[in-house]
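Data first, discussion second: the structure below is written as structure tokens.
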Amino acid sequence: MKIKQELLQACMDYANKRISNYKTEIETIKDSIENNDKAGDDDDDSGNGKLFNDLEKNSQHLNDANKMLEILKNISPNSVSDKVIVGSAVKTSTNNFFISVSAGKIDIEDGSYFAISHLSPIGMLLLGKSNGDVIEFNGNKFTIKEVI
């Protein structure tokens, strides 16, 4: 279970960092909008338009990062399953995966894992599979060696 705890913590750190960065960016944009409004230059509304657009994009990214964190909070690193479920660490003949959220490559003592969403194409292929099953993705075949 130590493997899953390390992977889950790395994903939590990733999500929390994203949340923090988006909150900081949103505050910076709000300050810029406020400063532009105080300047009162009616001729330059294009700057505020871009800032409002950036604010909206960052707010959506923050919302997505919060959803990511909620998914992670629902994963129990102590859960045991013979089949791949959300929260499983999966060792295959070529790569290792952590079925959770899309957080990229995570290096831990046990090796490298790719944190992927269960809704990703490869995540959907892995769900429900067990040791010895073979999946094909992008013309490559993967044999599941271990489900943790």
Practice item. Report the charge-dipole magnitude of the chain in Debye, nearest 20, computed about the Cα centre from +1 at each Lys and Arg Cβ and -1 at each Asp and Glu Cβ. Key: 1180
Point to revise | Farthest toward positive dipole pole in the range 30-112 [+1 Lys/Arg, -1 Asp/Glu at C-beta], among ASN36, PHE98, PHE52 | key: PHE98
Practice item. Give me the angle, in degrees from 0 to 90, between the Cα long axis of helix 2-39 and the longest principal axis of the Cα atoms of the chain, rounded to the nearest 10. Key: 10
Check your understanding: Going by the alpha-carbon gyration tensor, a ≥ b ≥ c the square roots of its eigenvalues, is the range 2-73 rounded (a/c under 1.5) or, if a/c is not under 1.5, prolate (a/b greater than b/c) versus oblate?
Key -> prolate
Exercise for review: Note down the relative contact order for the chain as a percent, whole number, built from C-alpha pairs under 8 angstrom at least six residues apart.
Suggested key: 24
Revision key, fill the gap. Cα convex hull volume per residue for the range 89-147, in Å³, equals 72
Review point. Pairs LYS4/LYS91; LYS17/LYS83; LYS4/LYS141: which are spaced more than 22 Å apart, C-alpha to C-alpha?
Key: LYS17/LYS83; LYS4/LYS141
Exercise for review: Give the cross-link partners of LYS38 among the lysines, using a straight C-alpha distance below 27 Å as the criterion and excluding same-chain residues fewer than 8 apart.
Suggested key: LYS23, LYS30, LYS50, LYS57
Study note, to complete from the structure: So, for the Cα atoms of the chain, Rg and Dmax in Å stand at 20.5, 67
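The numbers here are math on the coordinates, done by the rules we state, and not lab data. Since this is a predicted model, take the numbers as computed values, not measurements. Don't worry about glycine lacking a Cβ; one is built from the backbone with ideal geometry, like all the others, and counts go over all protein chains shown.
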